[in-house]
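Participant: There's a structure below that I have some questions on.
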Amino acid sequence: MGDVVRNLHRHVQLDLHREPGAPLDRAQVAAQDNGIPDFIDSHAHLADPAFAGDRDEVIERARVTGARAIVCIGSGSGESDVLAAARDAAALSARYPGFIPHSAGVHPHDAAGFEAGRDIDALREMVTDGAVAIGECGLDYHYDNSPRLEQRRAFAAQLALAAELGRPVIVHTRDAEDDTRAMVTEAGTAGVAGVLHCFTGSHSLAQAAIDAGWYISFSGIVTFKKWTDDALLQLVPDDRVLVESDSPYLAPVPHRGKRNEPAWVSFTVARVAAARGTTAEKLGELVSANARRLFKLAAATAT
């Protein structure tokens with residue numbers, strides 16, 4: 001029958017797994033049997049309109065399910081106003097000081113609307129005012145929503161700003177490995193730190209980022225049945241691994257297909273921990289320490 005009793009922050013929860021298609025697989029259950037881990041969600045679009053109706057409730061669910069901080073991503077608002085998401089993320093962060101740090105950047109999908117003379121000055125001010133990272137920025141040659149040349153220009157400008165200000169970058173890359181590798185390597189040489197978020201790319205790109213001093217973040221994709229690259233989860237050193245929700249997108253199993261939220265990062269933590277041969281609690285401690293180091297977050301966050 002595989003009944004599982006586990007402690008969820010001082011509440012006893014009974015999960016019954018009676019059938020082969022039960023929501024939690026054995027690896028996830030085993031990893032979570034010792035308790036739900038604390039974690040930091042390194043990438044969530046909490047200011048997205050998808051959360052307009054219950055944003056505060058979503059944040060509270062994350063808090064009681066183990067989140068010690070959630071990095072709210074300030075990019076992806078469309079090329080007509082490339083920094084609108086950054087402004088929204090900053091406003092949300094101000095409502096939850098110490099618990100929801102935020103980033104500011106221009107997404108590659110929006111690069112066609114990026115104007116360096118206007119937007120870099122605005123980004124500089126946003127970072128000076130408290131954004132903990134620049135991004136998400138990067139390259140997406142899968143959808144090509146913006147011309148590739150414009151994507152590279154916007155990405156290069158944000159990497160240069162990161163070098164100037166000593167802030168990390170949060171990077172989106174899809175089907176653009178050669179250009180991403182070259183730009184990340186050059187940025188690392190210039191002293192820029194960063195993270196390849198929601199990573200599903202090649203081992204060689206991951207290793208290039210690690211060699212540049214960067215981090216690799218994994219999302220709920222690693223819980224999907226189609227995921228077969230546990231070797232990638234094992235490749236990343238303990239001091240460079242992060243986890244994220246990328247909410248409202250990419251809800252992990254057993255919630256796949258629903259609007260994602262940070263509370264469900266615990267399933268990703270469990271899956272990555274199982275692949276790495278450790279416990280969810282230990283991995284939660286690692287990813288939290290790594291996120292604090294990369295984003296220079298306070299050692300203690302709101303509880």
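The values are calculated or read from the model by the stated rules, or taken from the named source; none is laboratory data. Remember, predicted model here, so these are calculated numbers, not experimental data. Positions of Cβ are backbone-derived with ideal geometry, glycine not excepted, and every protein chain shown enters the neighbour counts. Ligands, DNA and RNA are excluded from the accessible area calculation, which covers all protein heavy atoms including side chains. Shrake-Rupley method; radii C 1.70, N 1.55, O 1.52, S 1.80 Å.
Participant: Out of curiosity, is residue 112 in a helix (DSSP H, G or I), within 26 Å of residue 266 (Cα to Cα) and open to solvent by 20 Å² or more (accessible area, probe 1.4 Å)?
Facilitator: So residue 112 fails the test.
Participant: Quick check: is even one residue across segment 63-79 acidic (Asp, Glu), in a strand (DSSP E or B) and either open to solvent by less than 10 Å² (accessible area, probe 1.4 Å) or modelled with pLDDT of 95 or more (or both)?
Facilitator: no
Participant: Look through segment 135-161, keep the residues that are part of a helix (DSSP H, G or I), touching a strand residue (DSSP E or B) at 6+ places or on another chain (Cβ under 9 Å) and free of Cβ contacts under 8 Å to residues at least 40 places away in the same chain, and return whichever of them is surrounded by the fewest Cβ atoms within 10 Å (Cβ to Cβ).
Facilitator: 148
For (1) assigned to a loop (DSSP other than H, G, I, E, B); (2) out of contact with any His (no Cβ under 9 Å at 6 or more places or on another chain); (3) surrounded by 20 or more Cβ atoms within 10 Å (Cβ to Cβ), each residue gets a yes or a no:
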residue	(1), (2), (3)
216	no, no, yes
239	no, yes, no
245	yes, no, yes
253	yes, yes, yes
257	yes, yes, no
260	yes, yes, yes
270	no, yes, yes
288	no, yes, yes
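Participant: When segment 105-134 is examined, which residues are found to be among the small types (Gly, Ala, Ser) and in contact with a strand residue (DSSP E or B) (Cβ under 8 Å, 6 or more places away or on another chain)?
Facilitator: 105, 130, 131, 133
Participant: Also: Quick check on segment 90-99. Is at least one of its residues under 30 Å from residue 36 (Cβ atoms) and surrounded by 21 or more Cβ atoms within 10 Å (Cβ to Cβ)?
Facilitator: Yes, segment 90-99 has at least one match.
Participant: While we're on this one: Which pairs have Cβ atoms under 6 Å, sit 6 or more apart or on different chains, and link a residue in segment 28-54 that is within 13 Å of residue 261 (Cβ to Cβ) to one that is at pLDDT 95 or above and open to solvent by 40 Å² or more (accessible area, probe 1.4 Å)?
Facilitator: Partner pairs satisfying both residue conditions: 50/259.
Participant: Going through 231, 299 one at a time, which residue ends up being under 15 Å from residue 39 (Cα atoms) and either in a helix (DSSP H, G or I) or open to solvent by 30 Å² or more (accessible area, probe 1.4 Å) (or both)? Don't jump to the end; show me each part of the working.
Facilitator: Numbers: 231 fails: under 15 Å from residue 39 (Cα atoms).
Every option except 299 fails the conditions.
Participant: Which of the numbered conditions does residue 46 fail, given that it passes all the others? Conditions: (1) open to solvent by 50 Å² or more (accessible area, probe 1.4 Å); (2) closer than 28 Å to residue 298 by Cα; (3) at pLDDT 95 or above; (4) in a loop (DSSP other than H, G, I, E, B).
Facilitator: (1)
Participant: Considering only segment 127-139, state which residues are of a type in the set (A, V, I, L, M, F, W, C) and more than 17 Å from residue 98 (Cα to Cα).
Facilitator: 134, 137, 139
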